[in-house]
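Report on the structure given below.
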Amino acid sequence: MKNKIQKIVLDAVQKGFEDGLLPSDHVPEMEIEEPRNSSHGDFSTNFAMVSAAIQKMPPGKIAQSLVSSIKTLGEATGEEANLIEKIEIAGPGFINFFLSKKAWHPVVDRILDQDKQYGASDIGKNEKVQIEFVSANPTGPLHVGHGRGAAVGDAIGNILCFAGFNVQKEYYINDSGRQIRTLGKSVWLKLLEETGKEIEFPDDCYQGDYIKDLACEILEKEGSKFIQGDEKETIAACAKFAAKKILKGIREDLSSFGITFDNWFSEQSLYDSGRVQKIIDEFTSKELIYKKDGALWFRTQDFGDEKNRVVVKNNGQTTYFASDIAYHMEKYERGFDRVIDVWGADHHGYIKRIEASVVASGRKSKQFEVILVQLVNLLRGGKPFQMSKRAGDFVTLKDIIDEVGKDAARFMFLSRSYDSGLDFDLELAKQKNSDNPVYYVQYVHARIAGIFLKAKQENIIQDIDFDKGENLHLLIAVEEINLIKILDTFKENVEKSAQALHPHVIFTYLMTLAAAFHGYYNRHKVITEDRELTLARLSLVLGVKKVIRNGLVLLGVNAPERM
RNA sequence: GCCCCCGUAGCUCAGUGGAUAGAGCAUAGGAUUCCUAAUCCUUGAGCGCAGGUUCGAUUCCUGCCGGGGGCACCA
C-alpha cells in the first residue's frame, strides 16, 4: 500500500514538472510514513518539506502544487479516486492521505492467496549469507545464555531467508585445543576419584555433575583397568569420549529447542586438512604474521585492533585465534558474501581481531558482522541467581525448556532487543498463565481455529476453501479496517527486521496484531445471523490467523490450533 | 585507563530526524444468556545531564553522569 502512495507522489511530481507547477522534477530522499495519529491520515509524506531547497518554493506551496497534480492525474485515470478519500495539507507542509475503506480490502485477498508466502520479500536478492551461532564448546551442556544466542541466531536466519536471502545456519565445534584437553583431564580425575583415590581438583577443571556422570559411564563401559593405562592416552580417550557425548547432548537440546543447523563444522578438521598451517604460512609470507619472543604474532594492530595477537605460542601450540582465522577464510571461500557471527557480549573484545584478519585477507569489513547478544540475567523469584560453570552450579537450557516449554522460552528470549541485557526470571517464566506473552499471541491463533471449528459445525463454510476473501466490501467497522492495516504492514516489518538483524521487530509486530485482534473479537461477533457478513469476517480472521502463524514460524514458535 | 551495550511511565521494555512518545506488569474500577475470560474496556505518570548538527533532536554527533560486560602467549 505504501508503494502505491509513493508511486502516486512520484507520478504527481513528474506531472507537476511537466505542467510547469514545479520548477524541478528531482525527488530527494523522502518518507512515506504512517502517522502515529490517525487524524493525520493513513499515510503522510514530508516531500514538500524536504524539497523546499530544491524547488526554491515554500513547503506549503509545493504541497498545494503536488496535491493539484495528484487530483488531475486521479481524474484522468479514475484509479486514485477509488483509493484515496481525501488529501490534506497540514502542519509545516505534510501531505496527508486518507484512504477509502475499500482500498484496504484487497489485502485480505492477497494474504489468503499467498498463504505461507505472505510477507516474504525479495530484498535479499538471493545473496549468500552464513549465520553461525551457539557454537558452544563441547565441554558442558548448554546454559541459558546459549539459549538466547540460539533463539536469536535461528530467528535471524529464518527472517533473512524469508526476506529473500540464501541462508546457511552453521555450528562451529571447538573440538580441539586446551579446553578439550581440560575436559579430558577433568573426567579422568573424576574417574580416579570414583575408584577411591583422594583427588584435589585444579582450579581450571570442570566439576559439574555431568563430569561425574561421564566418568561413571566410562567406568561402566571400560571397567576400572581402563585408568591403569598410559596417563596421556587415557586422558585423550576420556576427552574424546566426553566431547562426543556432550556434543550429542547439545544436539538433542537444540533439537528440542526447535533448532537444526544446515552444517556442523569441526575445528579439528581445519588442523587435519592442514588449513591452519596453510593460512599461517600465507600470512607469514605477506608479512602479516611475524615472530617475536618465540611466538608468532598477527599484525591486527595495523587493522584497528589495540594490540597484535598471538597465533602460535612459544611452546608451539596454536591459539584459538589461529584456527578462527582459518575458519573465517574458509567461510568466504565457500562462497558466502556475508558472514554473520552471533556471540555473547563477553566476547566483544574478539571482534576487532577477527575483523582485522578478514580485512587483511582483502575482504571488506562489512562482509563480517557480529551480533553481540547481551547477557541473560538469571533470576529466581526476583532475586539474582548466580551461576558458576566451574562449580557445575548452573541452569541448563534443558532445565529451562523442561520448566517453561520451548515456545515460552524462545518467545521470551526474542521479546527484547539483544542489545539489552535480559532478565529471565525462572519463577515468572514457569507460570503457564497470562503473564507470559507467548500465550497472548498463540491464543489468537487458537481462538480463530475455534471460530472455524464452530463455523464448520454450523455448516457455514463446508464448501468454501477461502483461497480469496468473500464479501470483503462488508468489512467496514473501524476495528476491521484497522486490523487490515496492521496485516498490510507485515512485509514491511519482515524487511525491517531483516535489514536491522533484529528479530524482536517481529515480536513487537505480533503483539500489536494480537492486541488488535483480541479487541476486535471482544467487540464483534464473527459468526452472526448474517451469512454474507459472517463469510466476510471469516475471511478477515483467517487472514489474521495466517499472518500470526507466519510470524511465529519466523521466531520458531508453534501456532497451536487449540490451547 | 581503554573498548562494547544500555539509560524512555512505579517496574520490565518497545519506538521515531517531524505534527498529541507506546505496550505489558503493578494500582483502581468494570465487562461473559454469545465463536476459548489464557480475553476485553476505563484510569495516572516519562525520553539521565550539557553542548553541537538541523527548518525541526527523545532519535544523529561530542562530553559528562549512572548501570552491565570485556580488556592474558584464555576462549
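The values are calculated or read from the model by the stated rules, or taken from the named source; none is laboratory data. What you are looking at is a predicted structure, and each value in this text was computed from that prediction instead of being measured. Cβ atoms come from the backbone with ideal geometry, glycine included; neighbour counts cover every protein chain shown. Remember, those area values only see protein heavy atoms, side chains included, never the ligands or the DNA or RNA. Shrake-Rupley method; radii C 1.70, N 1.55, O 1.52, S 1.80 Å.
General observations
- Relative contact order [Cα under 8 Å, 6+ residues apart], chain A, whole percent: 16
- Rel. contact order, % - alpha carbon contacts under 8 angstrom, at least six apart, region A:311-379: 33
- When +1 charges are put on Lys and Arg Cβ atoms and -1 charges on Asp and Glu Cβ atoms, the dipole computed for region A:178-239 relative to its Cα centre reaches about 200 debye.
- Three-way shape call for region A:2-100 based on the alpha-carbon gyration tensor, with the a/c threshold at 1.5: oblate
- Per residue accessible area in Å² of chain A, where ligands, DNA and RNA are left out and the probe is 1.4 Å: 47
- Here the gap between A:Gln114 and A:Glu233, fully extended at 0.36 nm per residue and compared with their Cα-Cα distance, gives a gain of 36.9 nm.
- Against chain A, whose longest principal axis is taken from its Cα atoms, helix A:351-360 shows a tilt of about 90°.
- Size of charge dipole - region A:187-291 - debye, nearest 20, with Cβ of Lys, Arg +1 and Asp, Glu -1, no other charges: 380
- DSSP bridge pairs, chain A: antiparallel proportion in percent, nearest 5: 50
- Cα centroid separation - region A:25-40 against region A:111-183, whole Å: 35
- Carbon/sulfur fraction of accessible area - chain A, other protein chains in place, 1.4 Å, %: 47
- 0 to 90° range, to nearest 10: angle between helix A:531-555 axis and chain A longest Cα axis: 30
- Inter-centroid distance (Cα atoms) of region A:436-472 relative to region A:332-383, Å: 43
- Spacing of the modelled spin labels on A:Ser285 and A:Leu10, each 7 Å from Cα toward Cβ, amounts to 5.0 nm.
- For chain A, size of Cβ-based charge dipole, Lys and Arg +1, Asp and Glu -1, in debye: 360
- Computed packing ranks the peptides A:219-228, A:248-257, A:283-292 as A:248-257, A:283-292, A:219-228, most packed first, by mean other Cβ atoms within 10 Å.
- Acute angle (nearest 10 degrees) that the helix A:59-77 long axis makes with the longest principal axis of chain A, alpha-carbon atoms: 70
- Length available on full extension from A:His524 to A:Asn314: 0.36 nm per residue minus the Cα-Cα distance, which gives 68.1 nm.
- Helix-only arithmetic for chain A: the sum of -39500 (n - 2.57) across DSSP H runs with n ≥ 4, divided by the residue total, places the mean residue ellipticity at 222 nm at -16000 deg cm²/dmol.
- Net charge of neighbours whose Cβ lies under 9 Å from the Cβ of A:Tyr118, counting Lys and Arg as +1 and Asp and Glu as -1: +2
- Peptides A:419-430, A:24-35 ranked from most to least packed by the mean count of surrounding Cβ atoms within 10 Å: A:419-430, A:24-35.
- If R0 is 30 Å, the Cβ-Cβ spacing of A:Ala53 and A:Asn3 corresponds to a FRET efficiency of close to 0.70.
- Accessible area in the full protein assembly, largest first, 1.4 Å probe, for A:Cys216, A:Cys238, A:Cys161: A:Cys161, A:Cys216, A:Cys238
- Overall form of region A:178-239 per C-alpha gyration tensor (a/c, 1.5; a/b vs b/c): rounded
- Across chain A, counting alpha-carbon atoms alone, Rg and Dmax equal 29.6, 97 Å.
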